[in-house]
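Remarks on the structure that follows.
The values are calculated or read from the model by the stated rules, or taken from the named source; none is laboratory data. Every value quoted in this text rests on a predicted model; they were computed, and no experiment measured them. Counting neighbours? That spans all protein chains shown, and the Cβs are built from the backbone with ideal geometry, glycine included. Note: areas computed on protein heavy atoms with side chains; ligands, DNA, RNA excluded. Shrake-Rupley method; radii C 1.70, N 1.55, O 1.52, S 1.80 Å.
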Amino acid sequence: MSTLDVPQLQELKVDEVNVSSAVLKASAHHYGSQCDKANKEFMLCRWEEKDPRKCLEEGRKVNECALNFFRQIKGSCAESFTEYWTCLDYSNLGELRRCRQQQQVFDSCVLDKLGWQRPELGELSKVTKVATERALPENPYHSRPRPPANPAIEGKLEPAKYGSRLFFWTW
């Protein structure tokens, strides 16, 4: 019987990114462009390893990047960001068009003070190749070994006695 290696509590302890959905939606484009590498590295690890315990370090990097991102936003553009996410929150996160003025003020603040350009529409959803230093897992697809080939059929094959089972597909 194999034993299950469970990480220690200290390994799992990280500071939480304690923000609401409105804050996440308001910051999504800039967060996506600033923490792109860490997020893709983590998702690649999760996909290849199929075991979250093996990706704790990558998860810490994602968390650290998110915390640093929100600290920079809070330090540089807190007022315009608060106006933007508050507008999104009051509009039930559904209609972004009602908050375009606040978005423009926030985007210009981020560009002026942090030098971050808002990514173009669809830029973050493009398929990209991730360059990683991690070693490739032994079996990245977690596939089973190939079954042996079917044995050769001995004897003569004859058509079914009463015809095809798919009789209603005659057209």
Tell me, please, whether a residue that is free of Cβ contacts under 8 Å to residues at least 60 places away in the same chain, touching a helix residue (DSSP H, G or I) at 6+ places or on another chain (Cβ under 9 Å) and open to solvent by 100 Å² or more (accessible area, probe 1.4 Å) can be found in the range 75-89. yes
Exactly one of these conditions fails for Gln72: (1) open to solvent by 80 Å² or more (accessible area, probe 1.4 Å); (2) touching a helix residue (DSSP H, G or I) at 6+ places or on another chain (Cβ under 8 Å); (3) modelled with pLDDT of 90 or more. Give me its number. (2)
With the condition kept exactly as written, say whether any residue in the range 35-54 is over 30 Å from Arg134 (Cβ atoms), in contact with a Ser or Thr (Cβ under 7 Å, 6 or more places away or on another chain) and either of a type in the set (A, V, I, L, M) or not in a helix (DSSP H, G or I) (or both). no
What single numbered condition from (1) in contact with an Asp or Glu (Cβ under 6 Å, 6 or more places away or on another chain); (2) more than 26 Å from Lys126 (Cβ to Cβ) fails to hold for Leu4? (1)
With criteria (1) modelled with pLDDT of 90 or more; (2) closer than 30 Å to Cys55 by Cβ, Cys87 comes up short on (2)
Here's a check for you: in the range 136-171, which residue that is modelled with pLDDT of 85 or more and of a type in the set (Gly, Ala, Ser) is farthest from Glu58 (Cα to Cα)? Gly155
Scanning the range 90-132 residue by residue, those open to solvent by 100 Å² or more (accessible area, probe 1.4 Å), of a type in the set (D, E, K, R) and more than 30 Å from Glu49 (Cβ to Cβ) turn out to be Arg97, Arg98, Arg100, Asp112, Lys113, Glu120
Could you check the range 45-67 and list, in sequence order, the residues that are open to solvent by less than 40 Å² (accessible area, probe 1.4 Å) and of a type in the set (A, V, I, L, M, F, W, C)? Cys45, Cys55, Val62, Cys65, Ala66, Leu67
